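Asker: Structure incoming, see below.
The values are calculated or read from the model by the stated rules, or taken from the named source; none is laboratory data. What you see is a predicted model; the values in this text were computed from it and never measured. Positions of Cβ are generated from backbone atoms using ideal geometry, with glycine treated the same way; all protein chains shown enter the neighbour counts.
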There are 2 protein chains.
Amino acid sequence: MTKPSRRSRGSITVQDVAREAGVSAMTVSRVVNGGTNVREATREAVLAAIAKLNYSPNSAARSLAAGEATQIGLLYSNPSAAYLSQFLIGALAAARRAGCHLVLEACEGERAEEQAEATRGFVQTHVQGVILPPPLSEVTAVRDELEAAGIPWVSVAMGLPPEGSLNVRIDDFAAACAMTKHLLDMGHRHIGFIRGNPNQTSSAERYRGFCAAIEEAGLDLAAMPVEQGYFTFRSGIVASEALLDLPDPPTAIFASNDDMAAAAVGVAHRRGLHVPQDLSVVGFDDTALATTMWPELTTVRQPIAAMAEAALTMLLDELRPRGQITEPEQVLAHQLIVRESCAPPPKR
Amino acid sequence: MTKPSRRSRGSITVQDVAREAGVSAMTVSRVVNGGTNVREATREAVLAAIAKLNYSPNSAARSLAAGEATQIGLLYSNPSAAYLSQFLIGALAAARRAGCHLVLEACEGERAEEQAEATRGFVQTHVQGVILPPPLSEVTAVRDELEAAGIPWVSVAMGLPPEGSLNVRIDDFAAACAMTKHLLDMGHRHIGFIRGNPNQTSSAERYRGFCAAIEEAGLDLAAMPVEQGYFTFRSGIVASEALLDLPDPPTAIFASNDDMAAAAVGVAHRRGLHVPQDLSVVGFDDTALATTMWPELTTVRQPIAAMAEAALTMLLDELRPRGQITEPEQVLAHQLIVRESCAPPPKR
DNA sequence: CGGGCCAGCGTTACCGCTAACAAATCGGCC
DNA sequence: GGCCGATTTGTTAGCGGTAACGCTGGCCCG
């Protein structure tokens, strides 16, 4: 009398699949994973059994048996909420595939000590690797702490990552260059630029891209007014006011992110300038803000979710050496999104 | 010669703690969990050992052994990104504590068939429970599908949930009532209201709250102009234009969410009206948008992350009967956030 | 004073899967 | 045909934790 073990959960296991396919559990495991050294006929039989039983492996058991990393940290400060949600979506998708948990930790403070403190939270909870989205990818307090604890990390969306570090990014330089060319193509010859926060290397890269496009067009870079911003809406207001207060204001403003671009549009409206008829404004990032304003913003889209996925995958490859060596650096494709905030300059 | 098993990961296990505390592994487990039937002295010894060794339980092993639910689905459509990120933060925190995975699935379409399709994705991946943030909490196609598969779900932020269903929410009625009173206290007697999408019961609740406050103040409800909106920025533009086009436009606009309030501010600016001097505008939700606009928005904050945590916890209590019966319904506290978009009405 | 009961703790046997090793199978070549 | 190495498959022993049950000793009741 083989009464079913009272603890059995009734779910389909490798054993069931193995029996169905007429092989051993180990072979099923091999097929499900890499699948090395399994005869084609066998593999097909196993796959058929899997499909028939609608088997899906138990990730808890898998990571327990394989002794794999299961806790990946994600330290976030306050990038725009839109960025974070996209990022989490991508990271969660990858985490689920890999069967690992995402451990979030907020890092609100600006001071190095607070940042180090938040990082130590990870060390104590035995996180095996950490993902650093911007702007934390550039904070040395965080990185030093991880380094000291021997925890590998991957930085996301740095403008210019240091050699040899794990990182995923887009080409900020090329993107800014393309955006500038778009403005030039529309006929703008007098473009104001609002720089991003200097604590992030992407700010410098975006500005470099702007400069390169201007110079390539044979224009005088010195004639282009530049204001310092800090990626916040408020800083965008100040910078835009400064640009529009100039005796000869620009016909277009290129803000280094969407928040500051939105600020520029707001300032223009307050002054009775119509966007884009009187002033063109473009941003960078394509956050949700870009479409919850009026007119909708021409901007550059980063594949945020894909970057998060790539970051997690890269980190796991590092933690679970499976033979294949992945590139320590990945540059994903950006995309120029043309909307309504941008038009040819007004005729004089 | 007890060479350490070559597979040991070197991490601290219950066994280590048990040895340190001079008890058995099972006792450690009991202390770590509920802790029933353990003598106080023993518990303290175990806790001391845990602290000394900095032990943290392996969640993979735990859920494997306990046979607990490990995959919780979260079906999202496109609420504001700000909402989603807060929601995910809360859900992830709870998921980690419980040692379960969050499985995201996007549900973009509006058609019932698409929604059912997305839901079926969950059924196939053996998700044990589902969380439905707004607006999906109200979509019958989704709920029917889950019902059919026998998967429990919890709906979040419905205005008026059906009796007996698992749900977490705030009191939309009371919040809208409080917000309206705030406007009345400032001296407004002519307030325009922009309703939310009728496919969500919270829209009706918010409107009910508005009405209740107006009537309680002894004002004539019929004199308050009301426009239909759909929670989108664009619908807010249309509604605001209509309100401000009235021969006797209101001195304040209460929009049923922040996106529409932002639209109202945008429209006012276009017309040369200053906010809040000429027109007060208030919103609902306190999304990131509320502070990335100018002036910053007076609004109602929902404890989004806390609601997500509560939802997941509730679902797990349902799935892992631990004796204690949790309330199938939880109403969390909202908060009136007063910022700069609101002032006494202009003197005539 | 013996037996039943229960709090408190230990023992055993797994949960579902996979690393490591052992065994079996298959060609290829002398 | 038989031997050898490479490939394919099976077997065993856990990964770290917990459910179920067994054992102990004190307490109460008859």
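Asker: Quickly run through the stretch A:19-28 and pick out the residues that are surrounded by 18 or more Cβ atoms within 10 Å (Cβ to Cβ) and of a type in the set (Gly, Ala, Ser).
Answerer: The answer is A:21, and nothing else.
Asker: For the stretch A:275-293, which positions are without any contact (Cβ under 8 Å) to a residue 60 or more places away in the chain and outside any loop (DSSP other than H, G, I, E, B)?
Answerer: The answer is A:290, A:291.
Asker: Also: Taking the conditions exactly as written (among the acidic types (Asp, Glu) and either facing chain B (nearest Cβ under 8 Å) or more than 16 Å from DNA strand C (Cβ to nearest atom) (or both)), does residue A:40 satisfy them or not?
Answerer: No, not satisfied.
Asker: On to the next question. Sort through A:117, A:44 and tell me the only one that's of a type in the set (Asp, Glu) and within 16 Å of DNA strand D (Cβ to nearest atom).
Answerer: The unique qualifying residue is A:44.
Here's the yes/no breakdown for (1) over 37 Å from the mean Cα position of the chain (by Cα); (2) modelled with pLDDT under 90; (3) within 13 Å of DNA strand C (Cβ to nearest atom):
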{"site": "B:45", "(1), (2), (3)": "yes, no, yes"}
{"site": "B:49", "(1), (2), (3)": "yes, no, yes"}
{"site": "B:54", "(1), (2), (3)": "no, no, no"}
{"site": "B:62", "(1), (2), (3)": "no, no, yes"}
{"site": "B:66", "(1), (2), (3)": "no, yes, yes"}
{"site": "B:69", "(1), (2), (3)": "no, yes, yes"}
{"site": "B:75", "(1), (2), (3)": "no, no, no"}
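Asker: Right, another one. Residues that are crowded, with 21+ Cβ neighbours inside 10 Å and at the interface with another protein chain (Cβ under 8 Å from one of its Cβ atoms): which helices (runs of 4 or more DSSP H) entirely in the stretch B:44-126 hold 2 or more of them?
Answerer: Per the criteria, B:59-66, B:81-98.
Asker: Based on what the data block shows, is residue A:143 closer than 22 Å to residue A:253 by Cβ and charged (D, E, K, R)?
Answerer: So residue A:143 fails the test.
Asker: Just for the stretch A:28-37: of the residues that are among the small types (Gly, Ala, Ser) and within 9 Å of DNA strand C (Cβ to nearest atom), which one is nearest to the other protein chains (Cβ to nearest Cβ)?
Answerer: The residue in question is A:29.
Asker: Quickly run through the stretch A:257-294 and pick out the residues that are more than 10 Å from chain B (Cβ to nearest Cβ) and of a type in the set (Val, Ile, Thr).
Answerer: Result: A:275, A:281, A:282.
Asker: Hey, any hits in the stretch B:243-251 for a residue that's more than 18 Å from residue B:166 (Cβ to Cβ), within 11 Å of chain A (Cβ to nearest Cβ) and among the polar types (S, T, N, Q)?
Answerer: No: the stretch B:243-251 contains no residue that is more than 18 Å from residue B:166 (Cβ to Cβ), within 11 Å of chain A (Cβ to nearest Cβ) and among the polar types (S, T, N, Q).
Asker: Continuing with this model, one more query. Tell me, which residue of the stretch A:8-27 that is of a type in the set (S, T, N, Q) and more than 14 Å from every other protein chain (Cβ to nearest Cβ) is nearest to DNA strand C (Cβ to nearest atom)?
Answerer: Going through the qualifying residues, I end up with A:15.
Asker: Show the residue pairs meeting these rules: Cβ distance below 8 Å; 6+ apart or different chains; first residue within the stretch A:29-42 and outside the structural domain of residue A:97 (by TED's automatic domain parsing); second residue part of a loop (DSSP other than H, G, I, E, B) and not hydrophobic (A, V, I, L, M, F, W, C).
Answerer: That search, which allows pairs on different chains as well, returns A:30/A:36; A:30/A:37; A:32/A:57; A:34/A:322.
Asker: Here is a check on your reading of the model: is residue B:168 in contact with a Ser or Thr (Cβ under 6 Å, 6 or more places away or on another chain) and buried (at least 16 other Cβ atoms within 10 Å of the Cβ)?
Answerer: Against the criterion (in contact with a Ser or Thr (Cβ under 6 Å, 6 or more places away or on another chain) and buried (at least 16 other Cβ atoms within 10 Å of the Cβ)), residue B:168 does not qualify.
Asker: Would you confirm whether any residue within the stretch B:88-108 is within 16 Å of DNA strand C (Cβ to nearest atom) and of a type in the set (Val, Ile, Thr)?
Answerer: no
Asker: Scan (1) over 21 Å from residue B:300 (Cα atoms); (2) modelled with pLDDT of 90 or more for the single condition residue B:124 breaks and write down its number.
Answerer: Going through (1) over 21 Å from residue B:300 (Cα atoms); (2) modelled with pLDDT of 90 or more one by one, residue B:124 breaks only (2).
Asker: Shifting gears a bit: Can you find a residue that is crowded, with 24+ Cβ neighbours inside 10 Å, away from chain B (no Cβ under 14 Å), over 14 Å from residue A:200 (Cβ atoms) and modelled with pLDDT of 85 or more anywhere in the stretch A:143-151?
Answerer: no
Asker: Still on this model: Taking the conditions exactly as written (at negative phi, outside the structural domain of residue B:156 (by TED's automatic domain parsing) and either buried (at least 19 other Cβ atoms within 10 Å of the Cβ) or not aliphatic (A, V, I, L, M) (or both)), does residue B:264 satisfy them or not?
Answerer: So residue B:264 passes the test.
Asker: Name the pairs whose Cβ atoms lie under 9 Å apart, with the first residue in the stretch B:210-235 and touching a residue at least 24 places away in the same chain (Cβ under 8 Å) and within 14 Å of another protein chain (Cβ to nearest Cβ), the second surrounded by fewer than 17 Cβ atoms within 10 Å (Cβ to Cβ) and assigned to a loop (DSSP other than H, G, I, E, B), and 6 or more positions between them or separate chains?
Answerer: B:230/B:198; B:230/B:199
Asker: Name every residue in the stretch B:156-176 that is out of contact with any His (no Cβ under 7 Å at 6 or more places or on another chain) and part of a helix (DSSP H, G or I), in order of residue number.
Answerer: B:172, B:173, B:174, B:176
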